[in-house]
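Everything below concerns the one structure shown next.
Every number in this text was worked out from the coordinates using simple rules, so none of it is lab data. Source: prediction; values computed, not measured. Here the Cβ is made from the backbone with ideal geometry for all residues, glycine too, and neighbour counts use every protein chain on show.
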Amino acid sequence: MRRSYFNLFIAAGVLLCTVIIAEGQTGPLRGSVKMIGSDGKETPVANAIIDVFRTDMAGEFHTKTDKKGEWVFAGLPYIGDYIVAVSAPGASPMSKSQVKAGRDVPVDFVVPSGNGKQFTKEEAIAAAGNAASSNGAADAAEKAKAADIAKKNAEISKENEKITNANQVVAESFKNGNAALMAKNYDEAIKQYDTGLAADPEHPGAPSLLTNKSAALRSRAVEKYNTAIQNKDEAVKNAGLEAAKADFKAAAEAASQAVTLINKQPAPTDANEQKQLATNKYFALNARAESMRLFVSKVDPTKVDDASVAFQEYMAAEPDAAKKSAAQLNYAKMLLDIGAADKAYAEYQKILAQNPQDPDANRGAGLALFSSGDKSKYQEAANYLQKFVNNAPDSHPEKQSAKEALEYLKTSENVVPEKTSAPPRKKRP
């Protein structure tokens, strides 16, 4: 009985929506460190350790001050809430809370002498007097999320009391959900997909319902996210971001569940059914990779290993070279966004091995080296960034920020991009 409805879910993936996170979500964060001497004078502290911890989600970044006692991060997520902690030999550690990136407000420290201790994240938060408020906000968010899920489950259970035929319900919900998804009515699409899933979670069409539900959640999350970051009311902005994070997480869970269910399905013996199953798996893998990228970048960087598996499995199944290259670039950018500079650099190198002139791969490789904080890598970072500036069109949204990073390397680090010789011109016949 079920098999007659199985063909309804062959083309699930054609409805997946391409979503775009608003660009320009990073900004610089800089400051200085000075220490009060026995004579009462303030002197710059070189090689002081700068630890930046995100408090709205997991994430941390590290660097050191230069000989002038100054430090900088070229680009941190604009919407993040940060604690900045400083430590140095012979100095007392200090931390500052409620720090934002990209506001052009330097985070300066004047530290007294001390034991040279380096704060942990928890110690930095406690020292800044922010531990209670951050824990309270997290608990409130979890309770709100649990209440929302409980409400939706109750509504679905009430509807399903009237359902007597699972196949009919799944087919109807898939059809209605797809129509709503195409119309960008994401609330209705999610509701329709949930109705079909509640009717029979183990139905052969469940993976396709989950795949398209992931697309609807992902699109709704992006809308909420982009709307929130433009809102000047902090309370409204934060509420919108929390709602977007909940959808990003749900999208990743739905796509992951789709892949799990497909892997559990018995291998069909019919050639057409084998092809159909392979097609559904391809679209589920695609949805999982994209959902995990957004989830890790915007919500929980600790799930990066799960995202890595998702990307590797999708790229292995992707026959289109251009799409595979785009996925490789998205994977590398995700690693860079969460501060995994070394891993990001390695992934960008894979792209550059195939296309040395790729603008985005050159920019990513340069930023990965620069954000590592290792000044011995600054020359190579400048070379990559200059190649990006040379090759990227003027309309590229990151071209100006790359120029600013190059200017900083030149003026603050005395690092100038090395000139490369132009390829020889071909002689005319």
Quiz item: Which of 398, 273, 404, 290 comes first, and how do the rest follow, when ranked by fewest Cβ neighbours within 10 Å?
Solution: 404, 273, 398, 290
Quiz item: Roughly how big is region 27-127's charge dipole about its Cα centre, with Cβ charges of +1 (Lys, Arg) and -1 (Asp, Glu), in debye to the nearest 20?
Solution: 160 debye
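Here are some pairs, 100/245; 151/184; 41/64; 100/377; which of them have Cα atoms lying more than 25 Å apart in this structure?
Distance filter (> 25 Å) returns 100/377.
If each residue of separation counts as 0.36 nm, what is the full-extension length gain between residue 321 and residue 103 once their alpha-carbon separation is subtracted? Each step should come with its number before you reach the end.
Values: separation 218, 0.36 × 218 = 78.48 nm, distance 4.00 nm.
So the chain would gain 74.5 nm between residue 321 and residue 103.
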Quiz prompt | Pair-distance profile P(r), taking every C-alpha pair of region 27-127, with 5 angstrom steps and integer % | solution = 3, 14, 26, 25, 18, 10, 3, 1, 0
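Compute the signed sum of charges (Lys and Arg +1, Asp and Glu -1) over the other residues within less than 13 Å, Cβ to Cβ, of residue 125.
Net charge in that neighbourhood comes out at -3.
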Quiz item: Can you list the residues, at least 5 places off or on another chain, whose amide H is less than 5 Å from the amide H of residue 50, using H built in the peptide plane?
Solution: 63, 64, 65
Quiz item: Taking the simple approach of a point 7 Å from Cα along Cα-to-Cβ for both residue 233 and residue 263, what is their distance in nm?
Solution: 4.4 nm
Quiz item: In region 34-75, which residues have a backbone nitrogen under 16 Å from the label point lying 7 Å from residue 376's Cα in the Cα-to-Cβ direction?
Solution: 64
Quiz prompt | Compactness of region 195-312 - radius of gyration and Dmax, Cα, Å | solution = 16.2, 58
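Determine the gain in length on full extension of the stretch residue 62-residue 183; use 0.36 nm per residue of separation and subtract their C-alpha separation, reporting nm with one decimal. Mind dumping the intermediate values first?
Numbers: separation 121, 0.36 × 121 = 43.56 nm, distance 4.46 nm.
So the chain would gain 39.1 nm between residue 62 and residue 183.
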